[in-house]
Amino acid sequence: MKQSAAGAVSARQPEHEVVIIGTGFAGIGAGIRLRQSGITAFVMLESADDLGGTWRDNHYPGIAVDIPSSTYSFSFEQNPSWSRVFAPGRELYAYANHCVDKYGLRPHLRFNTRVEKTVFDADNRLWEIHDQQGRVMTARFVVSATGYLTQPKNPDIAGIETFSRPILHTARWDHSLSLAGKRVAVIGTGATAVQLVPTIAPEVRQLHVFQRTPIWIFPKPDAEIPWVLKKLYERLPFTQGSARMATNISTELIMVLGVVYTKQMKPLIKTVEAICRQHLKNQVSDPETRRKLTPDYGFGCKRPSFSSDYLKTFNRSNVELVTEGIERITPTGVVTNDGQEREVDVLVCATGFKVFENGNTPTYKVYGVNGLELGQFWDEQRYQAYQGASVPDFPNYFTVMGPYATTGASWFAMIESQMAHIMRCITTARERRATWVEIRREVHDAYFAEIRERQLSTVFYNNHCAGSNSYYFDRHGDAPFLRPSSGLELWLRSRYFPIGNYRFA
Ligand code: NAP
């Protein structure tokens with residue numbers, strides 16, 4: 001508060017009504033919803049010099065979606081031009097740009113603005129947003145849309161810093177480096193390696209794939225979309241809507257029944273595992289290689305993938321699956337625990353991202369009421385947020401994808417539901433001329449207790465996850481990625497939760 005010369009106390013006014021942090025699809029979805037609600041006094045902050053999040057950063061060879069594109073897009077902005085059932089990454093990046101232009105978001109973008117911390121000014125009921133260059137802006141509301149999979153994780157293998165030849169992380173691919181005719185090592189066999197390995201195998205001289213934990217692979221029914229179908233989608237959008245509905249329902253059934261209600265639906269997950277095993281048998285001829293590629297933990301404990309060409313790549317004479325642990329990296333190669341050194345020209349780390357750990361979720365400090373810091377609170381007291389969106393003591397602050405936020409078939413359906421929740425809070429605050437919106441502690445705590453109870457039915461507690469090495473688990477042994485509910489329930493609860501669950505002042 002400021003005291004004027006006349007003695008009147010004037011509240012500090014925020015520069016922006018809303019600040020969105022992040023310009024991946026979550027941030028873009030947030031911006032679209034704000035504009036559609038008639039709110040234009042907002043900015044979208046981005047640490048990089050371009051938008052697109054995951055699809056800007058990840059452009060390694062072979063990148064594509066592994067959920068059908070009709071589902072992996074906004075419900076209100078279907079794209080009739082996808083080239084394939086599972087579109088390549090560059091089309092997703094183009095789609096992000098298309099959405100930004102079509103919905104008038106470009107003037108709101110602020111690039112090269114890496115948020116370092118946000119601090120709640122309780123006296124004036126606004127957030128200060130500090131960036132790394134020391135600039136400060138203020139907003140009544142913050143919508144955090146920084147995603148989970150953004151900070152590349154390099155493997156902590158002895159000697160890696162001594163490797164004297166090119167080393168790449170898949171999330172920072174360098175296309176000026178040709179792999180043709182080279183000896184290449186890929187460390188990691190997650191969903192990224194599943195796409196990369198079959199794409200580069202035909203061009204490299206030798207490929208060593210270092211696997212620590214095998215991944216469950218489901219067949220991927222990919223195909224080019226014929227031009228007639230694209231024309232049909234363009235002329236009669238409801239036809240694409242129907243395709244979306246069909247893929248939504250099938251993915252939702254596997255996801256919800258198999259993963260959320262595993263305890264009650266064990267036979268379903270066992271059927272999925274049987275399909276994957278048969279797929280492996282169809283694709284890999286050598287029984288020993290098959291054995292090595294067979295996971296010994298249950299399907300769903302860690303992120304499975306979809307591919308019809310990854311497994312059969314191990315039939316190639318220039319591809320070696322290495323399951324012996326890595327002891328160290330030398331200036332010229334990789335030494336395994338049995339003492340064998342494989343000399344390589346390029347080292348590729350397909351080793352994923354930092355996920356649920358302090359400093360990553362969120363990627364900046366958030367100081368709420370009384371200076372409580374959100375990352376530290378979550379790290380010490382377990383990840384938690386009312387419907388993945390809000391936390392007591394952090395008024396006017398919302399996360400699009402907070403703890404226990406993701407479920408159902410479509411990432412985009414989740415963004416839309418989370419935004420429905422957040423928009424109800426912001427528009428109600430506007431109607432009531434409220435400047436403080438905070439989830440009531442008792443509602444939040446009851447919700448978290450419900451989540452923890454429901455978690456016990458999920459795949460994480462019912463399908464031999466011990467050996468899975470899964471990033472879904474945090475240091476407390478919780479799995480705060482998955483919302484243990486159906487996508488339908490998420491849809492309903494986002495739109496119809498009692499608005500009195502929040503305190504408006
Ligand atoms: P990831 O799933 O975390 O996999 C990382 C891999 O690196 C694992 O195989 C891991 O082994 C291995 N690894 C890590 N550190 C290692 C070390 N020190 N020594 C040996 N191996 C090590 O990462 P990702 O494959 O990049 O995928 C991340 C996520 O991105 C996916 O789960 C998915 O959500 C998303 N993604 C989506 C798509 C899509 O099409 N939509 C495509 C790619 C990725 P352990 O398993 O033993 O830890």
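Using the Kirkwood radius built from alpha carbon pairs, what does the Stokes-Einstein equation give as D for region 262-394 at 4 °C and 1.567 mPa s, in µm² per second?
Estimated diffusion coefficient is 67 µm²/s.
What is the set of long-range amide H partners of L109 at a cut-off below 5 Å, with H atoms built 1.01 Å from backbone N?
M44
List the residues whose amide H sits under 5 Å from the amide H of F481, counting only those 5 or more places along or on another chain, with H placed 1.01 Å from N in the peptide plane.
Correct list: Y404.
Using helices alone, what [θ] at 222 nm do you get for the chain, with -39,500 (n - 2.57) per DSSP H run of 4 or more residues, divided over all residues and rounded to the nearest 500?
-9000 deg cm²/dmol
Would you please state the base-10 log of I(q)/I(0) at q = 0.15, 0.16, 0.33 1/Å for region 37-80, with intensities from the Debye formula using one equal scatterer on every alpha carbon?
Reported log10 I(q)/I(0), two decimals: -0.63, -0.71, -1.11.
What are the ³J(HN,Hα) values, in whole Hz, obtained from phi via the Karplus relation 6.51 cos²θ - 1.76 cosθ + 1.60 with θ = phi - 60°, for each residue of region 74-91 in sequence order, with x given for Gly and Pro?
The phi angles translate into 5, 4, 8, 9, 5, 10, x, 9, 3, 7, 9, 4, 10, 5, x, x, 4, 6 Hz.
Report the percentage of all Cα-Cα pairs in region 133-195 whose separation exceeds 18 Å, rounded to a whole percent.
58
Mind listing the lone cysteines of the chain, meaning no other Cys beta-carbon sits under 4.7 Å from theirs?
C99, C276, C349, C425
Once the Cα gyration tensor of the chain is diagonalised, what are the square roots of 5 times its eigenvalues, in whole Å and ordered largest first, as equivalent ellipsoid semi-axes?
That gives 40, 26, 23 Å for the three semi-axes.
Take the alpha carbon atoms of region 287-335, find their radius of gyration, then divide it by 2.2 N^0.38 Å using N residues; give the quotient.
With N residues counted in region 287-335, Rg over 2.2 N^0.38 Å equals 1.43.
How large is the Rg to Rh ratio of region 71-188 when both quantities use alpha carbon positions and Rh follows Kirkwood?
Here the Rg-to-Rh quotient is 1.07.
Along region 373-379, what does the Karplus equation 6.51 cos²θ - 1.76 cosθ + 1.60 (θ = phi - 60°) give for ³J(HN,Hα), rounded to whole Hz, x for Gly and Pro?
9, 5, x, 5, 4, 5, 4
Could you order the peptides 326-335, 277-286 from most to least packed, using the average number of other C-beta atoms within 10 Å per residue?
326-335, 277-286
Take R316 and L232, extend 7 Å from each Cα along the Cα→Cβ direction, and tell me the distance between the two endpoints in nm.
It works out to 3.5 nm between the two label points.
Stretched out fully, how many nm does the piece from S285 to R212 gain, at 0.36 nm a residue minus the Cα gap?
Extra length from S285 to R212 when fully extended: 24.2 nm.
What is the spread of the Cα atoms of region 173-294 along each of their three principal axes, largest first, in whole Å?
Between the extreme Cα coordinates on each principal axis of region 173-294 lie 49, 42, 26 Å.
To check my understanding: the extent here is largest minus smallest coordinate of the Cα atoms along each principal axis. What are those three numbers for region 411-463, in Å, largest first?
Reported extents, whole Å, longest axis first: 49, 30, 9.
Let me check I have the definition right: for region 110-262, take the eigenvalues of the Cα gyration tensor, multiply each by 5, take square roots. What are those semi-axes in whole Å, largest first?
Output for region 110-262: semi-axes of 36, 32, 19 Å.
Give me the Kirkwood hydrodynamic radius of region 344-384, using the inverse of the mean 1/r over all pairs of distinct Cα atoms, in Å to one decimal.
12.1
Going by amide H atoms built from the backbone, whose H comes under 5 Å of the H on H208, apart from near neighbours?
Excluding prolines and chain starts, which carry no amide H, the hits are V184, A185, V186, E320.
Shape call for region 369-498 from the C-alpha gyration tensor, a ≥ b ≥ c root eigenvalues: rounded (a/c under 1.5), prolate (a/b greater than b/c) or oblate?
Oblate, since a/c reaches 1.5 and b/c is not below a/b.
Under 8 Å for C-alpha pairs, at least 6 residues apart: give me the relative contact order for the chain, rounded to a whole percent.
Once normalised by length, the contact order is 20 percent.
Can you give me the pair-distance distribution of region 311-368, C-alpha pairs, 5 Å bins, whole percents?
Here the calculated profile for region 311-368 is 4, 13, 15, 17, 14, 10, 10, 8, 5, 3, 1, 0.
What is the packing order of peptides 426-438, 182-194, 204-216, taking the mean over residues of other C-beta atoms within 10 Å and listing the highest first?
Packing proxy ranking, top to bottom: 182-194, 204-216, 426-438.
Quick note: the coordinates plus some simple rules give every number you see, no bench work behind them. These numbers were taken from a predicted model, which means no experiment stands behind them. Every residue, glycine as well, gets a Cβ built from its backbone with ideal geometry; the counts of neighbours run over all protein chains shown.
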